[in-house]
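Inspection log for the structure reproduced underneath, given as structure tokens.
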Amino acid sequence: MDKLGTQVMTPYQVQRYSRHIIMPQVGSKGQRKLLDAKVLIVGAGGLGSPIAIYLALAGVGTLGIIDFDVVDLTNLQRQILHHNDDVGRRKVESAQATLNAYNPDVDVILHEEPITSANALQIMEGYDIVVNGADNFPARYLVNDAAYLSNKPLVDGSILIFDGMASVFIPGEGCYRCLFPEPPPPGEVPSCAEAGVLGMLPGLVGTIQATETVKLIMEIGRSLSGRLLLIDGLEMEFREVKLRRNPACPICGDNPTVTELIDYVAFCGLPALPT
Ligand SMILES: [Zn+2]
């Protein structure tokens, strides 16, 4: 330990992360922040894959992965955490094997359960930052609300067909519900399973999320907080819209109506998730 209370890097780590450490914006101080950081990734799917892999390569010390699914053949078109031989394997287990093959020093913590109103706050408690790789609206709203109530920054991203979106929600500076107060009615917005997604689109958006995450950890640069980045992969156009805290937001507004986590699955009228 040094006088800042952070771990002193070993010669192996200094070499391993040398391309970071030589950057004046990172340095050994920034790298040690990465090594000390604890990041929760919701979902080990399309977005969760590049997020987790790049954060592991960057040396983020603790990565929590929450997912209750099993690797399916249809996942392999985009979910780079999982390999051909992993079909049928639990996603968290496959993710841990891949991440530790990339970087054995990363502590990968597995949460093999669906994220629910009953466990979200408790799981988030152990982490500094939450990164959203959820692929459905009930989970997206739940993660937004739980991160706000836990006072954790949320690095958000979503994808569909050729389109992607990314932002950072710092509690008090705006959230997903400031833009979209309530989930759409079931069936109004198709899922990737129904409408498809270009295989490298999650790579594009997930890599932006990983970039924003390390910037938050190292406290450098200008984050996507206050901005929503919109990506059109077919036209290859990036646009951004300003995002301000909405005083009428049901959770982070002046008179919040959502003061605790609710049963989002029933709320969205979707069938209950297996437990
Ligand atoms: Zn809000």
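Side notes on the structure shown:
- Qualifying residue in the range 178-186 (condition: at pLDDT below 95, in a loop (DSSP other than H, G, I, E, B) and touching a Leu at 6+ places or on another chain (Cβ under 9 Å)): yes
- First in the range 195-221 and without any contact (Cβ under 8 Å) to a residue 60 or more places away in the chain, second anywhere and part of a helix (DSSP H, G or I) and open to solvent by less than 40 Å² (accessible area, probe 1.4 Å), Cβ under 9 Å, 6 or more apart: 204/50
- Scanning the range 152-181 for residues that are open to solvent by 30 Å² or more (accessible area, probe 1.4 Å) and within 12 Å of the ligand (Cβ to nearest atom) yields a count of 7.
- Test result for residue 30, more than 18 Å from the chain's Cα centre (by Cα) and more than 30 Å from residue 182 (Cβ to Cβ): yes
- Helices (runs of 4 or more DSSP H) lying entirely in the range 14-76 (those with 1 or more residues that are free of Cβ contacts under 8 Å to residues at least 24 places away in the same chain and out of contact with any Gly (no Cβ under 9 Å at 6 or more places or on another chain)): 18-21, 27-36
- Any hit, the range 84-94, residues being surrounded by fewer than 17 Cβ atoms within 10 Å (Cβ to Cβ) and of a type in the set (Lys, Arg): yes
- The single condition among (1) crowded, with 16+ Cβ neighbours inside 10 Å; (2) free of Cβ contacts under 8 Å to residues at least 40 places away in the same chain; (3) more than 23 Å from residue 62 (Cα to Cα); (4) within 16 Å of the ligand (Cβ to nearest atom) that residue 225 does not satisfy is (2).
- Scanning the range 214-222 for residues that are surrounded by fewer than 17 Cβ atoms within 10 Å (Cβ to Cβ) and either among the basic types (Lys, Arg) or touching a Lys or Arg at 6+ places or on another chain (Cβ under 7 Å) (or both) turns up at least one hit.
- Selection over the range 109-138 of residues that are within 20 Å of residue 36 (Cβ to Cβ) and surrounded by fewer than 20 Cβ atoms within 10 Å (Cβ to Cβ) gives a count of 4.
- Count of the range 241-260 residues, restricted to those that are near the ligand (Cβ under 9 Å from one of its atoms) and free of Cβ contacts under 8 Å to residues at least 12 places away in the same chain, is 1.
The values are calculated or read from the model by the stated rules, or taken from the named source; none is laboratory data. These numbers come from a predicted model, not from an experiment. Cβ: placed from backbone, ideal geometry, glycine included. Neighbour counts: every protein chain shown. Just the protein is used for accessible areas: all its heavy atoms, side chains included, with ligands, DNA and RNA removed. Shrake-Rupley method; radii C 1.70, N 1.55, O 1.52, S 1.80 Å.
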